[in-house]
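Laboratory data are not the source of any read-out in this text; all were calculated from the coordinates shown. Being a predicted model, the structure only gives us computed values, none of them experimental. Quick reminder, even Gly has a Cβ in these numbers, built from the backbone with ideal geometry, and neighbours come from all protein chains shown.
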Amino acid sequence: MTFVPMAAEATGSPALNIAIFSAFVGVTLFFVIRASRTNTNAAQMYTGGAAFSGRQNGIAISGDYLSAASFLGIAGAIAIYGYDGFLYSIGFLVAWLVALLLVAELLRNTGRFTMADVLAFRMQERPVRMAAATSTLAVSFFYLLAQMAGAGGLVALLLNITNSTGQAVVIAIVGALMVAYVLIGGMKGTTYVQIIKAALLIAGASLMTVWVLARSGFDFSGLLADGAAAGASLEPGKQYGLTGTTKLDFVSLSIALVLGTAGLPHILMRFYTVPTSTEARRSVVWAIWLIGLFYLLTLVLGYGAAALVGSETILASPGGANSAAPLLAYELGGTVLLGVISAVAFATILAVVAGLTITASASFAHDIYANVIHRGNPPEGAEVKVARRAAVAIGAVAIAGGIAANGQNIAFLVALAFAVAASANLPTILYSLFWKRFNTRGCLWSIYGGLTICLVLIFFSPAVSGTETSMFAGADWSWFPLRNPGLISIPASFLLGWLGTITSKEHLEAKASEMEVRSLTGLGAHREVAEH
Amino acid sequence: MSSPSDRPDTPGGGSPTPGAPSGQPSADVYTEILASKEFQELRSRYRRFVFPVTGGALAFYFTYVLLAAYSPGFMGEVITGSITVGLVFGLLQFVMVFAITTFYVRFARTVLDPAAAQIRDHHERSGAGA
């Protein structure tokens, strides 16, 4: 990569970058190994024995949620498109109100390990679990792709590895490392990794924000003006305002963002790592404050990167838009700060990937293996064994997918994961918590229908084929005009859930009553800590 | 309701959650609680809070989204310096999220939690004994 001298120079100290990153791996591995002593049964493996406090879990949730898309993706989008990038962070944040008000506490009171627990509570267990596990695996797969693709891009900048074989090797190392975390430490170890990472990420972003503001004499308005002059527009529309279709695409994206969070399986599973619904609420409150604070920081970082580095320079660098934050770090604090921030970004990817892996493997082992195949009575100790093997398999798939998706836009891939989550998961979760008449057919139609419509629309969208920026730029089989399918697939899933329910004669009101009482009062809820 | 074990493929069969370990309240108890005045009151207060608040928050969010998409000129209008209407509107979304979070936590602590605890204590003490 020769076109930007500064960017080539910015990767000048790979040794330092590796040293800082190794230190992070060393510290987290220490906690993971310490946590491994108790990682023996399914409850420990999946939820750390539900023994975390609300504050710990809240910090871990923000660690899980603030992925590479939030840090590298949003800062980059703001640095290049200006205002349109800001809209991502607002959607990602407002989404938490749905989780706080409608989902977190009720879910904690009615489930134990996975999202499927809540659905299986009142509907025909095996088909419903199979459906929920399928959508969990689908969402996790898209999310994993985004993170692994981000890892490849970051490596280009961080270690100056520009050939694709070298990047593939690094993606494989990242994948192997996170599988090791999950195997050794289970949910407890993974949670410690999230907590450490969240602290590092927020501290690093705060440091850079103060630094940027200091450079501009604490004149925020002046910083915005400088950023705007360098290419980051202050007016909406630079990215999405081009035509009627892109405007509609923007609305579609914003629906997926705001409804996706409360359907993300790896976020939902975190609500089970605390002992009570009150602690689940406390977790969400901590997460909302931390995530909100972080997104305010990215606003400064994005415009700061535009003002100090320049939108064009960022776009032309090896990592493209995703390298805005690292390049800004280099501009501010030279190779040392670049090393620190890049290591933080790397840690972010690693931690999120570990969180996704444990969720997907738990769903496979608990929902499909233990409850669908063995009808709730798996051989002694087999479920944990299956969960471990599933983690290895998911790691392998993530590595392969990450190598294939290397170079794709991270924020865009994550937005697709949100669309899948909002289409396949959220309608069934809301219906089963709030609608007595909801039944098995409604659930299956909503999950499979929402998932299928979403995936089909993505496949025939310009995101996959037909334009220069598509995954398959050389071919064109697209007929659906929007890049994000949420506008169609989410309402369709709600509609299918309703239609399936009213056309089925199955009535489950008695079970629904029990669920309603439990969800609001916490009566009969699992409290691992108290029981063992 | 029959017990889950004799209907393996129906709601709750085999799952660790509703598999009702001994000492958990039975289904009759839940029907009874559901009909009780205390529970009806708790449910209605919860729903009267969260439905309008969620609806209002989403309405405010989508107003913002639609303005940004279809009225960029208005959002780009300068209030002072480089501070635009759109920026203030965006920051107000943050304020809304923080405000609703704070309100809800207070509401839950003072209204929902005591009511839920009362129902729970009453039924865990009277016979069911978890």
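Using only the alpha carbons of region A:415-472, what is the convex hull's orientation-averaged projected area in square nanometres?
4.1 nm²
So who's got an amide H within less than 5 Å of the one on residue B:84, skipping anything under 5 residues away but keeping other chains? H placed 1.01 Å off N, in plane.
B:79
Can you work out the base-10 log of I(q)/I(0) for region A:68-217 at q = 0.09, 0.12, 0.15, 0.21 1/Å, using the Debye formula on its C-alpha atoms alone?
Each listed q maps to, in turn, -0.45, -0.79, -1.17, -1.49.
Using θ = phi - 60° and the Karplus relation 6.51 cos²θ - 1.76 cosθ + 1.60, list the HN-Hα couplings for region A:106-111 in order, rounded to whole Hz, with x at every Gly or Pro.
Those phi angles translate into 5, 5, 4, 6, 10, x Hz.
Could you give log10 I(q)/I(0) at q = 0.18, 0.25, 0.28, 0.30 Å⁻¹ for region A:441-491, computed by the Debye formula over C-alpha point scatterers of equal weight, without solvent?
These q points yield log10 I(q)/I(0) values of -0.55, -0.82, -0.94, -1.02.
What does the highest-first list of A:32-38, A:53-59, A:458-464 look like by mean Cβ count within 10 Å?
Per-residue Cβ counts within 10 Å, averaged per peptide and sorted highest first, yield A:53-59, A:458-464, A:32-38.
For residue A:184, what is the net charge nearby, where nearby means another residue's Cβ is under 11 Å from its Cβ and Lys, Arg count +1, Asp, Glu -1?
Charge balance in the 11 Å sphere: +4.
Hey, if you put +1 on the Cβ of every Lys and Arg and -1 on every Asp and Glu Cβ in region A:41-524, which of A:309, A:144, A:345 ends up farthest toward the positive end of that dipole?
The one lying farthest along the dipole's positive direction is A:144.
Take the alpha carbon atoms of region A:84-136, find their center, do the same for region B:63-130, and report the distance between the two centers in whole angstrom.
One Cα centre to the other: 18 Å.
Net charge around residue A:100, counting only other residues with Cβ within less than 11 Å of its Cβ (Lys, Arg = +1; Asp, Glu = -1)?
Computed value for this residue: +1.
Run down the lysines and flag those whose C-alpha is under 27 Å from the C-alpha of residue A:511, throwing out any fewer than 8 positions away in its chain.
Correct list for residue A:511: A:436, B:37.
Quick one: the Cα spread of region A:246-318 along its three principal axes, in angstroms, biggest first?
50, 30, 21
Among A:118, A:285, which comes first, second and so on when ranked by fewest other beta-carbon atoms within 10 Å?
A:285, A:118
Which semi-axes, in whole Å and largest first, does the equivalent ellipsoid of region B:25-125 have when worked out from the alpha carbon gyration tensor as the square roots of 5 times its eigenvalues?
44, 14, 8
Toward the positive end of the charge dipole of region B:25-125, about the Cα centre and with charges on Cβ (Lys, Arg +1; Asp, Glu -1), which of B:110, B:31, B:68 goes farthest?
Result: B:110.
Mind giving me the nanometre distance, one decimal, between the label points for residue B:105 and residue A:452, set 7 Å out from Cα along Cα→Cβ?
Spacing of the two 7 Å Cα→Cβ label points: 4.4 nm.
For region B:25-125, what is the charge dipole size about the Cα centre, in debye to the nearest 20, if Lys and Arg each add +1 at the Cβ and Asp and Glu each add -1 at the Cβ?
120 debye
When the helix-only estimate is applied to the protein assembly as shown (DSSP H runs of n ≥ 4, each -39,500 (n - 2.57), divided by the residue count), what is the mean residue ellipticity at 222 nm, nearest 500 deg cm²/dmol?
-23500 deg cm²/dmol
Please compute, for peptide B:34-41, the average count of beta-carbon atoms on other protein chains lying within 10 Å of each residue's beta-carbon.
2
Hey, which aspartates and glutamates would be in cross-link range of residue A:505, C-alpha to C-alpha under 18 Å, not counting anything within fewer than 8 residues on its own chain?
List returned: A:125, B:9.
Taking every pair of distinct Cα atoms and averaging 1/r, then inverting, what Kirkwood hydrodynamic radius in Å comes out for region A:364-474?
Kirkwood hydrodynamic radius for region A:364-474: 16.9 Å.
Where nothing but the Cβ of Lys and Arg (+1) and of Asp and Glu (-1) is charged, how large is the charge dipole of region A:411-532 around its Cα centre, in debye to the nearest 20?
280 debye
Mind computing the radius of gyration and Dmax over the alpha-carbon atoms of chain A? Å is fine for both.
Both quantities, over Cα of chain A: 22.3, 69 Å.
Need the list of aspartates and glutamates near residue A:197 for cross-linking: C-alpha distance under 20 angstrom, and skip anything on the same chain fewer than eight residues off.
Counting by Cα, and skipping residues close in sequence, residue A:197 has these aspartates and glutamates nearby: A:64.
Please work out the Kirkwood hydrodynamic radius for region A:179-267, using every pair of different C-alpha atoms, and report it in angstroms with one decimal place.
Result for region A:179-267 stands at 17.3 Å.
Quick one: A:328, A:119, A:200, fewest Cβ neighbours within 10 Å first, how do they rank?
Lowest to highest Cβ neighbour count: A:200, A:328, A:119.
About its Cα centre, how strong a charge dipole does the protein assembly as shown have in debye, to the nearest 20, once Lys and Arg get +1 and Asp and Glu get -1 at the Cβ?
It works out to roughly 1160 debye.
With just the Cα atoms defining each centre, how far is region A:262-300 from region A:316-337? Give it in Å.
28 Å
Can you list the HN-Hα couplings for region A:130-138, worked out from phi with the Karplus curve (6.51, -1.76, 1.60; θ = phi - 60°), rounded to whole Hz and with x for Gly and Pro?
Per residue, the Karplus-derived 3J(HN,Hα) values read 4, 5, 5, 5, 4, 5, 4, 5, 5 Hz.
Within the P(r) computed for region A:23-124, what percentage of the Cα pairs occupies the region above 22 Å?
So the portion of pairs separated by more than 22 Å is 51 percent.
Let me know the mean shielding of B:90-96 by other chains, meaning the per-residue number of their Cβ atoms within 10 Å of its Cβ.
Partner-chain Cβ atoms within 10 Å, mean over residues of B:90-96: 5.
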